[in-house]
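Student: What follows is a structure written as structure tokens; I'll ask about it next.
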Amino acid sequence: MSQENLELTRRAFQALEDRDLDDLLAMMADDVEAFPLLAGMEGGYRGHDGISRWWTSLLGTFPDFCAEIVELRDLGDWTIAVLRVRGHGAGSDTPVDATAWQVTLFRHGKCIGWHVFTSEREALELVGLAE
């Protein structure tokens, strides 16, 4: 099952790159919970409606946003993607170029939750692997 989860993670980032929200939502459970970096302002996103709100907010703030998978780790039901995220602010053209860690949880071939962190330690803590 974990190879399938790695492939689903890759497909999700491809859907983001292709700006294909329908494909992204097809990989997500109806009750998915997401905590991207923007969740600090919103408190997280739930369900397909929440993911759609996140999508609109992200691309409205950073129209050229892209996330490149630098490394992808298989942890069974979990994956950790080390990402290079880039983009420019819509109003200010301020560049963003950062590393982030996305932890994604899968059940029955669907994403049921994901969290994005600014440190590897936080990501490893979520999955119980921090020292």
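Student: Hey, could you check the stretch 94-120 for residues that are under 15 Å from E7 (Cβ atoms) and under 14 Å from the mean Cα position of the chain (by Cα) and say which is surrounded by the fewest Cβ atoms within 10 Å (Cβ to Cβ)?
Tutor: Applying the filter and picking the extreme gives K110.
Student: Determine which single condition G91 fails, assuming it passes every other condition in (1) of a type in the set (G, A, S); (2) in contact with a Lys or Arg (Cβ under 7 Å, 6 or more places away or on another chain); (3) open to solvent by 30 Å² or more (accessible area, probe 1.4 Å).
Tutor: Among (1) of a type in the set (G, A, S); (2) in contact with a Lys or Arg (Cβ under 7 Å, 6 or more places away or on another chain); (3) open to solvent by 30 Å² or more (accessible area, probe 1.4 Å), G91 violates only (2).
Student: On the given criteria, is L8 open to solvent by less than 50 Å² (accessible area, probe 1.4 Å), more than 19 Å from E122 (Cα to Cα) and either touching a Pro at 6+ places or on another chain (Cβ under 6 Å) or of a type outside the set (G, A, S) (or both)?
Tutor: Against the criterion (open to solvent by less than 50 Å² (accessible area, probe 1.4 Å), more than 19 Å from E122 (Cα to Cα) and either touching a Pro at 6+ places or on another chain (Cβ under 6 Å) or of a type outside the set (G, A, S) (or both)), L8 qualifies.
Student: Just the residues that are aliphatic (A, V, I, L, M) and either in contact (Cβ under 8 Å) with a residue 60 or more places away in the chain or exposed (fewer than 15 other Cβ atoms within 10 Å of the Cβ) (or both), please, taken from the stretch 40-82.
Tutor: Scanning the stretch 40-82 gives M41, I69, V70, L72, L75, A81.
Student: Please state which of the following conditions R19 fails to meet, knowing it meets all the rest: (1) among the basic types (K, R); (2) modelled with pLDDT under 95; (3) surrounded by fewer than 13 Cβ atoms within 10 Å (Cβ to Cβ).
Tutor: (2)
The values are calculated or read from the model by the stated rules, or taken from the named source; none is laboratory data. What you are looking at is a predicted structure, and each value in this text was computed from that prediction instead of being measured. Please note: Cβ atoms are built from the backbone with ideal geometry, for glycine as well, and neighbour counts cover all protein chains shown. Just so you know, the surface numbers come from the protein's heavy atoms only, side chains and all, with ligands and any DNA or RNA stripped out. Shrake-Rupley method; radii C 1.70, N 1.55, O 1.52, S 1.80 Å.
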